[in-house]
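What follows is a short report on a single structure.
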Amino acid sequence: MNDKTLKWVLYILGAFCFFIWISLRIEPLFNLMLKEKIVPEYWENTRWGELYYFNFIKDFQEKNLPPCTTKYRYSEKHPPLEQADIILFGDSFFDFTRMTTFPEQLSDSLNKKVHYVRYDKPMEYLDQHNYSNRTPKLMIYETAERFFYTRFANEQPDSYAHDKRNLLRKAFDATVGFLFVHNSEMVLDQLLCRSYLTNDIHSSINTMKFKWFGYITDQTPVYSNKSKDVPWLFVSTEVSKDPSGFYYRHTKEEIEKYCDHIESLSDKLKERYNLQMAFMIIPSKFTIYCNIVDSLRSSYGNLIPELYRELDERGIPVIKIYDDYLSERDNKLLYFGTDTHWTEDGLQIALKSTIRKIDSIYPRNYNAQLNSAMESPNLDNVR
């Protein structure tokens with residue numbers, strides 16, 4: 001290769017690398033190269049289940065998944081915080097749109113204004129948004145089981161840490177953030193896995209490694225592809241021996257500490273914002289369907305039943321779905337096989353339990369209205 005040719009090759013490679021560097025920082029350019037586009041905050045807007053994109057093994061391409069719908073918090077139906085009758089704080093379960101989302105269905109079922117916040121620190125959020133409505137209201141705090149430990153191992157913040165940096169410092173930090181993207185390795189990995197040039201090759205190689213050698217990524221270490229209905233994948237955090245996992249044995253002292261923090265949050269919400277908190281923990285998929293891979297239920301760390309017991313003793317309202325899920329798991333598919341989230345059947349069980357709990361804890365003058373809602377024909381599907 002002569003010098004002129006080499007120079008042009010280097011120019012082209014340099015331009016390509018610069019384009020990649022820019023693309024990691026500018027989403028439309030990044031999406032331009034992907035075979036399946038990434039829609040901001042719509043991780044479920046994909047052809048396959050969420051966990052397939054951790055391993056790209058074709059055996060786990062779960063077919064006939066429902067398409068995503070509009071997220072309730074982006075819709076015109078979503079009321080402002082101050083105008084809401086009920087306030088929900090939660091994670092991706094309440095925001096999951098392969099069906100009409102839980103907050104929207106709750107709003108429609110009760111004919112009440114439901115404000116949903118995709119956030120796990122209520123006191124911080126309410127302080128940041130200067131919430132001041134002193135009318136007594138219900139607040140529901142939802143957490144997935146696998147995120148419970150990170151949210152309640154320590155006391156939650158009770159105020160918002162306002163940004164006190166000056167304009168020059170903010171501009172400097174924004175520039176540094178653009179130059180050195182904090183999640184650039186993850187974004188680059190997505191590009192290498194999902195681009196037009198690499199997606200099919202990457203998937204074929206991973207499928208071959210799985211079929212020939214049984215290799216699968218540590219992100220989805222537990223699986224089953226023997227079911228006639230759907231393949232099953234379980235994410236590593238659900239099946240670990242860490243505090244977020246199925247096998248971790250929480251001590252009595254740890255359970256009491258978690259519940260101390262939940263009770264403290266409940267007391268602060270009541271005192272400062274006149275909000276009555278109800279607590280909902282959604283079991284991890286592996287907690288309910290460990291039988292798919294022949295795990296013994298006796299191996300379960302028993303987090304949810306222990307939380308129920310301790311919170312009941314403290315008088316904290318709890319929306320309980322664990323036992324209902326166990327009793328229905330063989331009759332209905334409560335979670336998508338290759339996703340961490342619930343199906344419509346799983347959501348409906350939680351919705352029914354929520355409405356019953358609301359009916360039991362609201363003040364009497366409000367309770368009658370909820371009783372009316374429970375008797376309405378449009379709730380036949382959740383009773």
**Prompt:** So how tilted is helix 364-374 from the main axis of the chain? Cα-based, degrees 0 to 90, rounded to 10.
**Reply:** 60 degrees
**Message:** Shape verdict for segment 31-83, please, from the Cα gyration tensor: rounded (a/c under 1.5), prolate (a/b greater than b/c) or oblate.
**Reply:** prolate
**Request:** Pick out which of Phe94, Phe172, Phe148 has the largest mean-square fluctuation in a Gaussian network model of the chain, springs linking Cα atoms closer than 10 Å.
**Result:** Phe172
**Fill in**
Expressed in nanometres to one decimal, the distance between label points 7 Å along Cα→Cβ at Lys58 and Tyr74 is 3.2 nm
**Asked** For the pair His202 and Asp108, how long in nm is the line joining their label points, each one 7 Å along Cα→Cβ?
**Response** 3.6 nm
**Message:** Connecting C-alpha atoms closer than 10 Å in a GNM of the chain, tell me which of Arg151, Arg118, Arg134 has the biggest fluctuation.
**Reply:** Arg134
**Asked** So if we plug the beta-carbon distance of Lys252 and Phe18 into 1/(1 + (r/R0)^6) with R0 = 51 Å, what FRET efficiency do we get, rounded to 0.05?
**Response** 0.30
**Complete:** So the angle from the long Cα axis of helix 3-23 to the longest Cα principal axis of the chain, reported in degrees to the nearest 10, equals 10 degrees
**Asked** Which chymotrypsin sites (Phe, Trp or Tyr not before Pro) does segment 191-220 hold that lie in a coil by DSSP with at most 11 other beta carbons within 10 Å?
**Response** Tyr196
**Prompt:** Based on the Cβ-Cβ distance of Gln190 and Ser132, what FRET efficiency does E = 1/(1 + (r/R0)^6) give at R0 = 30 Å, to the nearest 0.05?
**Reply:** 0.10
**Complete:** Ratio for the chain, C-alpha Rg to 2.2 N^0.38 Å, reads 1.12
**Prompt:** Can you give the angle from 0 to 90° between the axis of helix 167-179 and the longest principal axis of the chain, with both taken from C-alpha atoms, to the nearest 10?
**Reply:** 60 degrees
**Prompt:** For the pair Trp212 and Lys332, what calculated FRET efficiency results from E = 1/(1 + (r/R0)^6), where r is the Cβ-Cβ distance and R0 = 35 Å, to the nearest 0.05?
**Reply:** 0.45
**Item:** segment 229-283: C-alpha gyration tensor shape, a/c 1.5 cut-off, then a/b vs b/c
**Value:** oblate
**Request:** List, in the order given, every pair from Lys170/Lys268; Lys71/Lys170; Lys58/Lys228; Lys113/Lys164 whose Cα-Cα distance in the structure shown is over 25 Å.
**Result:** Lys170/Lys268; Lys71/Lys170; Lys113/Lys164
**Asked** For segment 238-330, with every protein chain kept in place, what is the accessible area per residue (1.4 Å probe, Å²)?
**Response** 41 Å²
**Request:** Using a/c under 1.5 as the rounded threshold, could you call segment 118-196 rounded, prolate or oblate? The axes a ≥ b ≥ c are square roots of the C-alpha gyration tensor eigenvalues, and prolate needs a/b larger than b/c, oblate otherwise.
**Result:** oblate
**Item:** GNM top mover of Asn302, Asn199, Asn291 - the chain, alpha-carbon springs below 10 Å
**Value:** Asn291
**Complete:** Reported to the nearest 10 Å², Arg146 has, with a 1.4 Å probe, an accessible area equal to 40 Å²
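The values are calculated or read from the model by the stated rules, or taken from the named source; none is laboratory data. These numbers were taken from a predicted model, which means no experiment stands behind them. Cβ: placed from backbone, ideal geometry, glycine included. Neighbour counts: every protein chain shown. Accessible surface areas use protein heavy atoms only, side chains included; no ligands, DNA or RNA. Shrake-Rupley method; radii C 1.70, N 1.55, O 1.52, S 1.80 Å.
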